[in-house]
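Participant: Structure provided below as structure tokens; questions to follow.
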Amino acid sequence: MSAHACPESIDRRRAMLRTAMGPDIARALADAAVIEVMVNPDGILRLDRLGQGRLDTGVRLETPRSSGSSVSSPRISVSKCMPVIRS
């Protein structure tokens with residue numbers, strides 16, 4: 001994000017990200033100990049937590065079934081070509 005973005009805009013983007021990705025990922029994003037959120041093609045949600053390493057959360061998310069699968073929301077897109085979201 002631009003260093004010149006207003007705080008309200010950044011807050012709105014973060015809120016949109018939490019809403020678009022669902023409650024399980026939103027909880028992970030809110031956890032200060034979580035340094036990485038991963039959803040593998042099988043839909044299993046894994047977290048990388050400080051001091052604990054990678055953990056299987058036991059949560060399985062529905063994943064798109066097409067070969068060019070992507071998850072998107074207005075202004076947010078995750079696909080094979082762009083697998084990382086920065087907030």
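The values are calculated or read from the model by the stated rules, or taken from the named source; none is laboratory data. A quick note: this is a predicted structure, and the numbers were derived from the prediction, not measured. No Cβ is skipped: glycine too gets one built from the backbone with ideal geometry, and neighbour counts run over all protein chains shown.
Participant: I need every pair where a residue in region 34-45 that is under 16 Å from LEU17 (Cβ atoms) and in contact (Cβ under 8 Å) with a residue 12 or more places away in the chain has its Cβ under 6 Å from the Cβ of a residue that is surrounded by 13 or more Cβ atoms within 10 Å (Cβ to Cβ) and basic (Lys, Arg), sequence separation at least 6 or different chains.
Facilitator: Pairs that qualify, where the first residue is under 16 Å from LEU17 (Cβ atoms) and in contact (Cβ under 8 Å) with a residue 12 or more places away in the chain and the partner is surrounded by 13 or more Cβ atoms within 10 Å (Cβ to Cβ) and basic (Lys, Arg), are VAL34/ARG49; MET38/ARG46.
Participant: Then there's this: So, of the residues in region 30-41 that are modelled with pLDDT of 85 or more and out of contact with any helix residue (DSSP H, G or I) (no Cβ under 6 Å at 6 or more places or on another chain), which turns out to be surrounded by the fewest Cβ atoms within 10 Å (Cβ to Cβ)? Walk me through how you get there before you give the answer.
Facilitator: If we filter region 30-41 for residues that are modelled with pLDDT of 85 or more, which is where we start, we get 30-39.
From the residues that got through so far, the ones that are out of contact with any helix residue (DSSP H, G or I) (no Cβ under 6 Å at 6 or more places or on another chain) too are 30-33, 35-36, 38-39.
Working: ALA30: 10, ASP31: 13, ALA32: 7, ALA33: 11, ILE35: 10, GLU36: 11, MET38: 13, VAL39: 20.
So, considering only residues that are modelled with pLDDT of 85 or more and out of contact with any helix residue (DSSP H, G or I) (no Cβ under 6 Å at 6 or more places or on another chain), the one surrounded by the fewest Cβ atoms within 10 Å (Cβ to Cβ) is ALA32.
Participant: Suppose we filter LEU55, LEU47 for residues that are outside any loop (DSSP other than H, G, I, E, B), more than 14 Å from the chain's Cα centre (by Cα), modelled with pLDDT of 55 or more and aliphatic (A, V, I, L, M); which single one remains?
Facilitator: LEU55
Participant: Of everything in region 58-79, what is modelled with pLDDT of 55 or more and either of a type in the set (Val, Ile, Thr) or not in a strand (DSSP E or B) (or both)? Give them in sequence order.
Facilitator: Those that are modelled with pLDDT of 55 or more and either of a type in the set (Val, Ile, Thr) or not in a strand (DSSP E or B) (or both): VAL59, LEU61, GLU62, THR63, PRO64, VAL78.
Participant: To continue, here is another question. Taking the condition surrounded by 12 or more Cβ atoms within 10 Å (Cβ to Cβ), hydrophobic (A, V, I, L, M, F, W, C), more than 9 Å from the chain's Cα centre (by Cα) and modelled with pLDDT under 85, does MET16 pass?
Facilitator: Criteria met by MET16.
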